[in-house]
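The values are calculated or read from the model by the stated rules, or taken from the named source; none is laboratory data. Fair warning: this is a prediction, and the values are worked out from it, not measured in the lab. Backbone-built Cβ (ideal geometry, glycine too); neighbour counts: all protein chains shown. Accessible surface is based on the protein model in full, side chains and every heavy atom, while ligands, DNA and RNA are left aside. Shrake-Rupley method; radii C 1.70, N 1.55, O 1.52, S 1.80 Å.
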Amino acid sequence: MESGNVNQGQTRVSVLLPLPLSGAYDYRADISLELQPGDIVEVPLGRQKRIGVVWGMAEGDVADGRLKDVILKHDGVRLPDVVLRLVDWIADYTLSPPGAVLRMALSVPRALEPPPVQRAYLTEPGFDLSSLRLTPARQRILDIAADGPPRTMRELAEEAGVGQSVVKGLWQAGALQELLQPADPRIIAPDPDRLAPGLSADQRVSADALAGAIGQGFSVHLLDGVTGAGKTEVYHEAIAEALRQNRQVLVMLPEIALSPPSLDRFARRFGVRPTLWHSEISQTARRQNWRAVADGRARVVVGARSALFLPFAELGLMIIDEEHDAAFKQEEGVIYNARDMAVVRARIEQIPIVLASATPSLETITNAEAGRYARHRLTARFGGATLPEVEVIDMRKQGPEDRRHWLSPKLTEALETTFEAGEQAALFINRRGYAPLTLCRTCGHRMQCPRCTSWLVEHRLAGRLQCHHCGYAARKPKNCPSCEAEDTLAACGPGVERLAEEAIGLWPQRNVLIATSDTVRGPDAAAEMVRQVTDREVDLLVGTQLIAKGHHFPLLTLVGVVDADLGLAGGDLRAAERTYQLLHQVAGRAGREDRPGKVLLQTYQPDHPVIQALASGDRDGFMAAESEGRKAAGMPPFGRLAGLVVSGKDFGAVERTARSLAGTAPRDAGLEVWGPAPAPLAVLRGRHRMRLLMCTERRIDIQAALRAWMKATEIPSSVRVQIDVDPYSFM
Ligand code: ADP
Ligand code: ZN
């Protein structure tokens with residue numbers, strides 16, 4: 001293949017590669033390939049062959065003579081125009097290279113190959129059976145193979161309960177015909193009318209409004225309903241309507257809420273489980289599901305945030321459940337919020353999108369109040385279940401007697417009563433491991449991560465000290481690394497494991513289960529955890545935010561929050577909002593059926609607005625106050641923020657770059673730049689980190705300001721500047 005001019009019968013196309021390059025490259029292609037934007041091609045890059053996507057018909061300023069040829073086009077798959085526009089939009093908004101965003105849309109290169117085929121069999125219609133010795137085994141196979149779909153030898157043999165050789169014999173005799181068919185499992189379409197529940201009057205109003213929006217263009221809906229109100233049942237009705245209109249549906253959930261029980265619930269309503277998309281599915285399922293979405297066989301996909309980039313051809317509805325959840329924010333690589341970008345996709349697609357939550361984010365509430373989003377409220381739990389009563393325990397006066405215990409007498413007593421009534425309880429603390437800090441009682445040395453500015457967390461079950469930021473792990477040493485005294489390293493503060501230890505000490509005869517991302521890995525383990533609780537094999541569940549999401553345990557009537565103040569400290573803009581949301585979700589696990597629930601909050605700040613709002617149940621009042629505070633400070637959603645993290649191995653270079661960024665920062669009206677300051681996580685994986693923060697009024701185009709700023713600043717190659725538009729993390 002020679003490089004050269006574009007001749008007759010050839011054309012020029014621009015091809016975007018899924019790599020962090022500055023933009024698309026021009027290539028020469030044969031007209032006979034009939035390339036269109038969205039086509040997936042293979043092209044040379046340097047000495048390698050790469051997959052890319054035709055982004056447009058190039059006019060190009062690259063001299064003809066240097067153009068290389070497109071090698072081939074992948075038939076049978078392409079990226080829909082919407083995905084191309086979404087990639088460009090996100091790249092523009094997040095200031096990321098478009099190729100880095102494209103990589104998320106082309107995350108399964110194997111799906112581009114034609115799917116594997118397999119041999120399958122049906123009876124041969126014209127075959128004369130009288131020429132055959134018909135054993136009962138043979139007859140069974142012929143009966144099964146008479147009506148489709150075509151089955152493999154193995155399937156036929158298994159269904160008939162015979163060996164494969166019997167099937168083979170029939171084929172060799174000519175009684176079966178052989179076909180080639182895709183080897184991927186058949187996908188059965190969900191049935192919109194399979195088992196629709198009777199809805200309450202409230203639920204009906206919301207369900208009708210959502211269903212009525214299908215096929216009517218772009219609209220955003222906030223489904224705002226208390227925990228246990230039946231939001232899932234309501235949006236199922238919208239899904240049913242989309243299916244009736246022959247449209248595909250995407251439901252996005254935070255990854256850990258993607259548990260089999262919620263899929264079983266879908267299956268009860270629609271007859272089959274939805275198609276899945278999350279980090280735990282196998283490579284094979286990933287290839288099959290990507291392809292099934294692209295060719296329209298997959299009608300409903302339930303997935304984590306990366307499902308945003310799937311190549312739906314006929315998308316008609318999107319649902320973002322637990323829309324307030326910070327897990328929708330991707331913090332590495334391309335930094336984006338999948339909830340916000342889903343709204344962008346819905347607008348490009350001109351379809352409705354539903355944001356569901358019991359504790360909507362302030363951004364979403366503000367949009368609803370401004371009339372940009374339609375709001376549908378469900379104010380009561382379904383079926384007469386009541387919301388739990390919340391009581392505050394003032395740890396300054398009612399705390400445990402000594403400093404090695406974490407459960408107050410009041411909480412201990414409530415747990416006791418719950419167990420005696422044959423009911424279940426949960427203790428919540430958002431801290432994995434045994435203890436957040438290990439120090440030497442003799443010299444005061446604290447065990448720190450060698451690569452990060454963070455304490456090592458003791459995980460006693462795993463027998464290690466771990467860094468929660470970089471994954472560093474080591475055995476707990478016998479001697480203090482500093483003063484070398486023996487057996488003086490002591491655990492400080494509680495994590496889930498330590499609470500479980502205290503509970504087991506108090507109630508040795510009760511079954512205690514620890515549930516954190518360390519003990520419950522992946523959806524299957526989550527299903528097992530749910531089963532154990534549902535089947536009453538567990539009296540007390542001790543867990544982190546893993547137990548806050550979505551679960552429905554009928555006999556769980558008491559929730560104890562061990563340290564309600566934990567999320568309130570630190571410089572996070574959303575600390576109060578997020579603590580409220582999390583504790584509200586945790587509290588929502590109590591008393592979801594006929595037995596009323598109770599929630600006890602242990603706190604050292606009983607007067608804090610978050611604690612007060614949880615106790616009084618005044619969510620709207622709390623959010624209104626929070627909103628006032630943000631408005632006064634010009635913070636999101638009333639202003640715009642972008643975080644800059646400057647990092648590198650050499651502290652001097654990082655500091656110089658951060659200072660020079662401060663020097664070149666734009667100085668327009670309505671815009672401020674703060675910093676540089678050392679990041680709270682000042683060293684991460686051996687890289688020094690400094691932060692700057694840009695804050696603007698809403699009317700300002702923050703991306704344009706950031707672009708101009710970056711253009712005006714020289715960044716040495718040893719230093720990295722990571723931009724985070726709409727930051728959630730301030731670490
Ligand atoms: P939410 O998501 O709002 O917290 P769910 O959708 O999980 O609430 O509903 C809570 C419980 O009530 C679930 O067990 C659900 O099956 C049940 N439920 C809700 N609405 C109905 C209904 N209309 N008919 C039967 N059961 C319902
Ligand atoms: Zn570390």
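Here are the numbers for this structure:
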{"quantity": "Every residue from the range 672-731 that is of a type in the set (S, T, N, Q) and either within 26 Å of the chain's Cα centre (by Cα) or open to solvent by less than 50 Å² (accessible area, probe 1.4 Å) (or both)", "calculated": "THR696, GLN703, THR713, GLN722, SER729"}
{"quantity": "In the range 547-557, the residues that are out of contact with any Gly (no Cβ under 7 Å at 6 or more places or on another chain) and part of a strand (DSSP E or B)", "calculated": "LEU556"}
{"quantity": "Set VAL586, VAL520: member being of a type in the set (Val, Ile, Thr), more than 24 Å from ALA414 (Cα to Cα) and in contact (Cβ under 8 Å) with a residue 12 or more places away in the chain", "calculated": "VAL520"}
{"quantity": "All positions within the range 400-415 that are open to solvent by less than 70 Å² (accessible area, probe 1.4 Å) and either assigned to a helix (DSSP H, G or I) or in contact (Cβ under 8 Å) with a residue 24 or more places away in the chain (or both)", "calculated": "TRP406, LEU407, SER408, PRO409, LEU411, THR412, ALA414, LEU415"}
{"quantity": "Residue satisfying all of: in the range 582-613; β-branched (Val, Ile, Thr) and within 16 Å of ligand 1 (Cβ to nearest atom); farthest from ILE547 (Cα to Cα) among these", "calculated": "VAL599"}
{"quantity": "Leading residue by the ranking (farthest from ligand 1 (Cβ to nearest atom)) among those in the range 324-337 that are open to solvent by 30 Å² or more (accessible area, probe 1.4 Å) and of a type in the set (A, V, I, L, M, F, W, C)", "calculated": "ALA326"}
{"quantity": "Odd one out for ALA292, checked against (1) away from ligand 1 (no atom under 11 Å from the Cβ); (2) of a type in the set (A, V, I, L, M, F, W, C); (3) more than 30 Å from PRO114 (Cα to Cα)", "calculated": "(3)"}
{"quantity": "Residue list for the range 435-446, restricted to those being open to solvent by 20 Å² or more (accessible area, probe 1.4 Å) and either more than 16 Å from ligand 2 (Cβ to nearest atom) or among the aliphatic types (A, V, I, L, M) (or both)", "calculated": "LEU437, LEU439, ARG441, THR442, CYS443, GLY444, HIS445"}
{"quantity": "Residue that is farthest from ligand 2 (Cβ to nearest atom) [pool: residues in the range 213-252 that are under 22 Å from LEU362 (Cα atoms) and in a helix (DSSP H, G or I)]", "calculated": "TYR235"}
{"quantity": "Boolean, ASP321 is in contact (Cβ under 8 Å) with a residue 12 or more places away in the chain and either charged (D, E, K, R) or open to solvent by less than 20 Å² (accessible area, probe 1.4 Å) (or both)", "calculated": "yes"}
{"quantity": "Subset of the range 450-494 [part of a loop (DSSP other than H, G, I, E, B), in contact with a Leu (Cβ under 8 Å, 6 or more places away or on another chain), open to solvent by 70 Å² or more (accessible area, probe 1.4 Å) and not charged (D, E, K, R)]", "calculated": "HIS469"}
{"quantity": "Some residue of the range 176-186 being surrounded by 18 or more Cβ atoms within 10 Å (Cβ to Cβ) and modelled with pLDDT of 90 or more", "calculated": "yes"}
{"quantity": "Matching residues in the range 145-175 - criterion: being of a type in the set (Gly, Ala, Ser) and either without any contact (Cβ under 8 Å) to a residue 40 or more places away in the chain or open to solvent by 70 Å² or more (accessible area, probe 1.4 Å) (or both)", "calculated": "ALA145, ALA146, GLY148, ALA157, ALA160, GLY161, GLY163, SER165, GLY169"}
{"quantity": "Among (1) away from ligand 1 (no atom under 16 Å from the Cβ); (2) more than 25 Å from ASN289 (Cβ to Cβ), the one test that LEU210 misses", "calculated": "(1)"}
{"quantity": "Residues satisfying the stated conditions in the range 530-567, i.e. among the acidic types (Asp, Glu) and either in contact (Cβ under 8 Å) with a residue 60 or more places away in the chain or open to solvent by less than 30 Å² (accessible area, probe 1.4 Å) (or both)", "calculated": "ASP539, ASP563, ASP565"}
{"quantity": "Among the candidates ARG381, ARG347, residue that is open to solvent by less than 60 Å² (accessible area, probe 1.4 Å) and over 18 Å from the mean Cα position of the chain (by Cα)", "calculated": "ARG381"}
{"quantity": "Those residues of the range 214-266 which are of a type in the set (Val, Ile, Thr), open to solvent by less than 20 Å² (accessible area, probe 1.4 Å) and at pLDDT below 95, in sequence order", "calculated": "THR227"}
{"quantity": "Of residues in the range 679-711 being in contact (Cβ under 8 Å) with a residue 60 or more places away in the chain and β-branched (Val, Ile, Thr), the one nearest to ILE90 (Cα to Cα)", "calculated": "ILE702"}
{"quantity": "From ARG656, ARG667, ARG689, residue being outside any loop (DSSP other than H, G, I, E, B) and out of contact with any strand residue (DSSP E or B) (no Cβ under 6 Å at 6 or more places or on another chain)", "calculated": "ARG656"}
{"quantity": "Every residue from the range 86-108 that is open to solvent by 60 Å² or more (accessible area, probe 1.4 Å) and out of contact with any Lys or Arg (no Cβ under 9 Å at 6 or more places or on another chain)", "calculated": "ASP88, ASP92, ARG103"}
{"quantity": "Filtered residue count, the range 22-61, keeping only those that are under 17 Å from THR11 (Cβ atoms) and outside any strand (DSSP E or B)", "calculated": "13"}
{"quantity": "Boolean, ASP572 is open to solvent by 40 Å² or more (accessible area, probe 1.4 Å), away from ligand 1 (no atom under 16 Å from the Cβ) and assigned to a helix (DSSP H, G or I)", "calculated": "no"}
{"quantity": "Only one of ALA292, ALA304 that is in contact with a His (Cβ under 8 Å, 6 or more places away or on another chain), open to solvent by less than 10 Å² (accessible area, probe 1.4 Å) and either among the polar types (S, T, N, Q) or more than 20 Å from GLY225 (Cβ to Cβ) (or both)", "calculated": "ALA304"}
{"quantity": "Members of the range 117-130 that are open to solvent by less than 60 Å² (accessible area, probe 1.4 Å) and part of a loop (DSSP other than H, G, I, E, B)", "calculated": "PHE127"}
